[in-house]
Amino acid sequence: MFDFYRKVPEDLKQATQTGGLMSILWLVMLGWIVLAETGRFLTSEYRSRIDVDRSQEQLRIDFNISFPHLHCDRASVDLWDKIGRNQADITRTVEKWQLDEDGRQRAYKGRDRVKPDIQHDDHHSLDALHENGIHVDHIEGGRDAWDAHLATKEYAFVQFWAPWCPFCRQLAPAWEALAEDTEQKNEPVSIACVDCTHEPQLCHDEEVHAFPTLRLYRHGRPVHEGTYRGDRTVVAMSEFIASKLELQAVYEHYPQKQETRRDHWDDDDPGCRIAGHVLVNRVPGNFHVTAHHSQESQNAKRTNISHIVHRLTFGEPLNRWQRRKLGYLADQHARVAPRPDAAFRGAHHRGVHQYWPVQKSNFIPRLRAIDATRIPRSFFNVVPTRYDVTRRPFSAFQTLHHVHSVIYPLDTAPEARFAYDISPMAVVVERRPHRLYSLVTSLLALVGGSFAFFRMASQAGPSRGRGAL
């Protein structure tokens, strides 16, 4: 009779010990196979492909950066790109906080603040003022001459200047007139000046970052909030001196007031935290933080723009749900944020340039200047990425980070530069769920194959019926 599926009579079948053992092993393996295949079925597979980025919207860059040695009044956020955009001193979307010597956030310096124009006295003639003698005390001779001069009077209002500085030359007649006016009023204040080209070490010790720097001293020590930043007129500077003398008299009777104000506010705090965002075109460019003031000349050798990047992200901020989804993805699909609190440190006249492409950097190496003119520069490649991993697709940007060095002349102030290059191609990450039929097919194949394997193994063993399992 023609039959492919012939059966063995029941009376010819016999249970054996080997068959029982193989049956138990097969059942154990069968359980493991079912669990493994079910887990694979429930786990999605993620694949990526390349597509053209058709977005025409500007890219948002959020940042939060601390500069321990850069005063907020001199910190300028500038923007540049290759299609001609060149925007200086962005204020509308940038906030600043003053930092003390320990990096603690102190005073809020405001938002949408446009630096006011400083008024000058233009009606004074320096030659006419010198007809009855020179009233400004010129301090020369280093630290010994400095200490000796500050000991002559209780107060000293000192201008640190440089001959090449145009703002210092513009201030010279008003400064001479102020010295003459102070002498006529017989005030306990010496009006002095220090040429920092002749006294570089003294200016370095007194932390002169720009010219002119006007600072009030008492008994050889700077007065609390004694750096003058107002109008450079005789009236305004005389009022500043009078207010400080009056305030010092109050502090002598109530010293706790000075300590309270010093703990909560000090406009001479050295550092600045800059936070906010900028909108950039989708072309190569950079935003950078420079030491700049419209009415001051920077002392390049004393400029220190070492900084700490607390946060720097590209694109619209992700919500908690989106960040959680990215956390499930492998690192090659979600390079969306650099490591926070990355330190970029350097001594005076050392800066950091950064260039960022977009993908998830797990670290940013600490940068170290090799010498006084070699400055690390960072570059970031930015890759637009669309995540079609849920019913609500969303977009983010991946970053890659590179570092190299540039050379700065000693007379050029460095800048903290964050350069970026946005890819015209986009990465699309898609979720590929497993089909039910693939689970059924895999289970049938594995169950059948394993059953056949253990059956052959049992037939290869001894055929003993007694003691069968």
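The values are calculated or read from the model by the stated rules, or taken from the named source; none is laboratory data. As the structure is a computational prediction, the values presented were derived from the model and not from experiment. Reconstructed Cβ throughout: ideal geometry from the backbone, glycine too, with neighbour counts over all protein chains shown.
Results for (1) under 43 Å from the mean Cα position of the chain (by Cα); (2) outside any loop (DSSP other than H, G, I, E, B); (3) among the hydrophobic types (A, V, I, L, M, F, W, C), shown as yes or no for each residue.
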position: 140; (1), (2), (3): yes, no, no
position: 160; (1), (2), (3): yes, yes, yes
position: 181; (1), (2), (3): no, yes, no
position: 216; (1), (2), (3): yes, yes, yes
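Filter segment 162-178 for residues that are within 44 Å of the chain's Cα centre (by Cα) and of a type in the set (A, V, I, L, M, F, W, C) and give the result. Spell out how you get there, then give the answer.
Residues of segment 162-178 within 44 Å of the chain's Cα centre (by Cα): 162-176, 178.
Within segment 162-178, 162, 164, 165, 167, 168, 171, 172, 174, 175, 178 qualify.
Could you tell me whether segment 323-343 includes any residue that is at pLDDT below 80, surrounded by 19 or more Cβ atoms within 10 Å (Cβ to Cβ) and farther than 19 Å from residue 384 by Cβ?
yes
Select from segment 398-430 the residues that are modelled with pLDDT of 90 or more and not in a strand (DSSP E or B) and list them in ascending order.
Once the filter is applied, which keeps residues that are modelled with pLDDT of 90 or more and not in a strand (DSSP E or B), segment 398-430 yields 423, 424.
Out of curiosity, is residue 246 at pLDDT 85 or above, more than 30 Å from residue 53 (Cα to Cα) and in a loop (DSSP other than H, G, I, E, B)?
Numbers: at pLDDT 85 or above: yes; more than 30 Å from residue 53 (Cα to Cα): yes; in a loop (DSSP other than H, G, I, E, B): no.
Judged against the criteria, residue 246 is not a match.
Let me confirm something: among 197, 233, which residue is surrounded by 14 or more Cβ atoms within 10 Å (Cβ to Cβ) and at pLDDT 90 or above? Show your work before the answer.
Numbers: 197 fails: surrounded by 14 or more Cβ atoms within 10 Å (Cβ to Cβ).
Only one candidate qualifies: 233.
Out of all the residues in segment 66-87, which are hydrophobic (A, V, I, L, M, F, W, C) and closer than 11 Å to residue 287 by Cβ? Let's see the steps before the verdict.
Of segment 66-87, the ones hydrophobic (A, V, I, L, M, F, W, C) are 67, 70, 72, 75, 77, 79-80, 83.
Residues satisfying the conditions are 77, 79, 80.
Given the conditions (1) assigned to a loop (DSSP other than H, G, I, E, B); (2) at pLDDT below 80; (3) not aromatic (Phe, Trp, Tyr), which single one is not true for residue 378?
Only one criterion in (1) assigned to a loop (DSSP other than H, G, I, E, B); (2) at pLDDT below 80; (3) not aromatic (Phe, Trp, Tyr) is unmet by residue 378, namely (1).
Name the residue that is surrounded by the most Cβ atoms within 10 Å (Cβ to Cβ), counting only residues in segment 431-448 that are assigned to a loop (DSSP other than H, G, I, E, B) and touching a residue at least 60 places away in the same chain (Cβ under 8 Å). Can you show your working first?
To start, the set of residues in segment 431-448 that are assigned to a loop (DSSP other than H, G, I, E, B) comprises 433-435.
If we keep only those that are touching a residue at least 60 places away in the same chain (Cβ under 8 Å) too, we end up with 433-434.
Working: 433: 10, 434: 15.
Top of the filtered list is 434.
Quick one: residue 34 ticks every box in (1) β-branched (Val, Ile, Thr); (2) in contact (Cβ under 8 Å) with a residue 24 or more places away in the chain; (3) part of a loop (DSSP other than H, G, I, E, B) except a single one, so which number is it?
Of the numbered conditions (1) β-branched (Val, Ile, Thr); (2) in contact (Cβ under 8 Å) with a residue 24 or more places away in the chain; (3) part of a loop (DSSP other than H, G, I, E, B), the odd one out for residue 34 is (3).
So which residues in segment 37-94 are outside any strand (DSSP E or B), charged (D, E, K, R) and farther than 20 Å from residue 398 by Cβ?
From segment 37-94, those outside any strand (DSSP E or B) are 37-44, 53-58, 68-74, 82-85, 88-93; that's our starting set.
Restricting the remaining residues to those that are charged (D, E, K, R) gives 37, 40, 53-54, 57, 73-74, 82, 85, 89, 92.
Correct list: 37, 40, 73, 74, 82, 85, 89, 92.
May I ask you to list the residues in segment 221-236 that are under 37 Å from the mean Cα position of the chain (by Cα) and outside any strand (DSSP E or B)? Explain how you work it out, then say what you get.
Restricting attention to segment 221-236, the residues satisfying the condition of being under 37 Å from the mean Cα position of the chain (by Cα) are 221-232.
Hits for segment 221-236 are 229, 230, 231.
Return the residue satisfying two criteria in turn: it lies in segment 1-48 and is modelled with pLDDT under 70 and aliphatic (A, V, I, L, M), and of such residues it is farthest from residue 457 (Cα to Cα).
Ranking the candidates gives 1 first.
Just need a number here: residues in segment 138-152 that are buried (at least 18 other Cβ atoms within 10 Å of the Cβ) and not hydrophobic (A, V, I, L, M, F, W, C). First the steps, then the outcome.
To start, the set of residues in segment 138-152 that are buried (at least 18 other Cβ atoms within 10 Å of the Cβ) comprises 139, 146, 149-150.
Subsequent filtering for residues that are not hydrophobic (A, V, I, L, M, F, W, C) retains 149.
Number satisfying all stated conditions: 1.
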